[in-house]
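Written out below as structure tokens is the structure these notes cover.
The values are calculated or read from the model by the stated rules, or taken from the named source; none is laboratory data. Quick caveat, the model's predicted, so the values are computed rather than measured. When we count neighbours, we look across all protein chains shown, and the Cβ atoms used for this are built from the backbone with ideal geometry, even at glycine.
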Amino acid sequence: MKLILIALLGSAILPVWVMAELPVTEVQNPAAEITRTETKVADEKGQVSGQQENQAAQQQTTPEKAGQETSNKINGQTAGQKEAEDASTLKAQATPVVEKLNNSLLEVMKRAKELGYQGRYELLEPVVREVYDFKAISKYVLGKHWDSLVPEQKKNFIEKLTQYGIAAYASQFNDYSGEQFKILGEEPFRGRFRVVKSILEVPDDENVNFVYILRKTGDSWKIIDVRYDGVSDLALKRSQFTEILGKKGFDGLLAKLDEKIANYAKGKNKPENKG
């Protein structure tokens, strides 16, 4: 089971032994880069907006504003308290996303033989689409190539990557021998993100640790990365896809994903060892 999960996180494009040889800089903090540009723009807008608001506040204090400030003091609603309440609320919202994925994976494992590959795919599809932010993932794994794509190409890639992720889960979670998922905890990460730690308990074998990175998208938390033993699936995919793009271009990458999806359906994508 552990070897299968390693291959899943590596998306079965590279042999397992290659993953260990990836440079550390490739797998550290991809979540930070996803929002680096948008954060910079937001900060610049916030600075301008903040300066304008401060100037307006200095020039005029309305009775309504004065009344609100007094009310806030009376009610004890300080900024710090508000942030603490928000953090508590956010924490309660992120873990259920991972729990939903874990429950679905456990179900397909228990019913693996009954469902077959196609049945597992169909059961997992709505859940995987719901809990992952494949648009954000697509932007990151394509890097600079993303901006060169026309809207239709972007749409096609997001859909293909989504199908690829579902196929990987359906192919690899194909057996059950008493495994159980557990949530170990949740904590904030770089402001906009949450980290949810989960473990798959495997009887008579080593347990498997997962670290999920989630980002708030609209009103929902979405998974943007999964890390296994410190290896980022997001950074790994970017490394793999960049190599394919350099050799075969965008159409070549789509063809490679189609090939991998077809192989998952046929049971051909299996964990590989160096020897």
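Structure data summary
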| quantity | calculated |
| --- | --- |
| Members of segment 119-162 that are of a type in the set (D, E) and under 18 Å from G218 (Cα atoms) | E130, D133 |
| Condition broken by L161, with the remaining ones in (1) in contact (Cβ under 8 Å) with a residue 40 or more places away in the chain; (2) surrounded by 16 or more Cβ atoms within 10 Å (Cβ to Cβ); (3) within 15 Å of the chain's Cα centre (by Cα); (4) closer than 17 Å to T95 by Cα satisfied | (4) |
| Entirely in segment 192-252, the strands (runs of 3 or more DSSP E) that have 1 or more residues that are among the polar types (S, T, N, Q) and either over 16 Å from the mean Cα position of the chain (by Cα) or buried (at least 20 other Cβ atoms within 10 Å of the Cβ) (or both) | 193-201 |
| Residue satisfying condition, being in contact (Cβ under 8 Å) with a residue 60 or more places away in the chain, in the same structural domain as N103 (by TED's automatic domain parsing) and at positive phi, within set G218, G143, G178, G185 | G143 |
| Matching helices (runs of 4 or more DSSP H) fully within segment 101-189 where at least 3 residues are of a type in the set (S, T, N, Q) | 151-172 |
| Residue pairs meeting the criteria (Cβ under 7 Å; at least 6 apart or on separate chains; first on the phi > 0 side of the Ramachandran plot, in segment 225-252; second among the β-branched types (V, I, T) and modelled with pLDDT under 95) | G230/V27 |
| Sole residue being more than 30 Å from L149 (Cβ to Cβ), among the basic types (K, R), at pLDDT 95 or above and assigned by TED's automatic domain parsing to the domain that holds S148, chosen from K256, K248, K197, K160 | K197 |
